[in-house]
Amino acid sequence: QVQLVESGGGLVQAGGSLRLSCAASGSTNSLHTFGWDRQVPGKQRELVARISSSGYTNYADSVKGRFTISRDNAKNTLYLQMNSLIPEDTAVYYCKATESVYAYWGQGTQVTVSS
């Protein structure tokens, strides 16, 4: 069993920054792909960023150049640094981790960007 707990969300002005964290616990050794998705009520959950165990990263076009995904393996923690935030970034952000059979999700953390 793997548990993912997000933190770091909140209310920020447009142009500001937030850093989201996702702490993983449990049987984490088999996890190989990690990322962040986001969801607005009434809309489809969408990919924000991905990072592989080898360090390869991928970003949605809407956040590329503004967001950075990273991992600290020693702390079993995933991060999402969000800069130059815009109101369209407002959503619940979910941490995701995958292994060969399962995908695990955190409970989500709210990010609200005001204009």
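The values are calculated or read from the model by the stated rules, or taken from the named source; none is laboratory data. Predicted, not measured: the structure shown is a model, and the values here were computed from it. Ideal geometry is used to build each Cβ from the backbone, glycine not excepted, and the neighbour counts take in all protein chains shown. The protein model used for the area step is the full one, side chains on, heavy atoms only, and it has no ligands, DNA or RNA in it. Shrake-Rupley method; radii C 1.70, N 1.55, O 1.52, S 1.80 Å.
How much length, in nm to one decimal, is gained on full extension between residue 46 and residue 1, taken as 0.36 nm per residue of separation minus their Cα-Cα distance? Mind showing how you got there, number by number?
Working: separation 45, 0.36 × 45 = 16.20 nm, distance 2.46 nm.
Answer, rounded to one decimal: 13.7 nm.
Amide H of residue 67: which non-local residues (sequence gap of 5 or more, or other chain) have their own amide H closer than 5 Å, using H built in the peptide plane?
83
Taking trypsin sites (Lys or Arg not before Pro) as exposed when DSSP calls them loop (any state but H, G, I, E, B) and at most 13 other Cβ atoms lie within 10 Å, what is the longest stretch of the chain free of them, the sites themselves excluded? Please report the intermediate quantities before stating the final value.
Working: sites that count: 43, 64.
In the chain, the maximal stretch lacking such sites is 65-115.
Provide the solvent-accessible area of residue 88, counting protein heavy atoms only and rolling a 1.4 Å probe, rounded to the nearest 10 Å².
For residue 88, solvent-accessible area is about 130 Å².
Residue 16's amide H: which non-local residues (gap 5+, or another chain) put their own amide H closer than 5 Å, with H modeled 1.01 Å from N in plane and none for Pro or chain starts?
Residues meeting the amide H criterion: 85.
Distance in nm between label sites at residue 75 and residue 107, each 7 Å beyond Cα in the beta-carbon direction?
According to this spin-label approximation, the distance is 2.1 nm.
When the Karplus curve 6.51 cos²θ - 1.76 cosθ + 1.60 is applied with θ = phi - 60°, which whole-Hz ³J(HN,Hα) does each residue of segment 95-103 get, with x for Gly and Pro?
7, 9, 9, 10, 10, 5, 10, 10, 10
Rounded to the nearest angstrom and ordered from largest down, what semi-axes does the equivalent ellipsoid of segment 21-115 get from its C-alpha gyration tensor (root of 5λ)?
Working: eigenvalues 104, 41, 28 Å².
Ellipsoid semi-axes (Å, largest first): 23, 14, 12.
With θ set to phi - 60°, apply the Karplus curve 6.51 cos²θ - 1.76 cosθ + 1.60 along segment 42-48 and write out the HN-Hα couplings as whole Hz, x wherever there is a Gly or Pro.
Each residue of segment 42-48 in turn: x, 10, 5, 5, 10, 5, 10 Hz.
Restrict the search to segment 21-104; then list the chymotrypsin sites (Phe, Trp or Tyr not before Pro) that DSSP places in a loop and that have at most 15 other Cβ atoms within 10 Å of their Cβ. Each step should come with its number before you reach the end.
Values: sites: 34, 36, 56, 59, 67, 79, 93, 94, 102, 104; in loops: 56, 102.
Here the chymotrypsin sites (Phe, Trp or Tyr not before Pro) that fit, given the DSSP loop and packing criteria, are 56, 102.
Need one number: nm distance between label points at residue 86 and residue 115, each 7 Å from Cα along Cα→Cβ, rounded to one decimal.
If labels sit at residue 86 and residue 115, their model points lie 1.2 nm apart.
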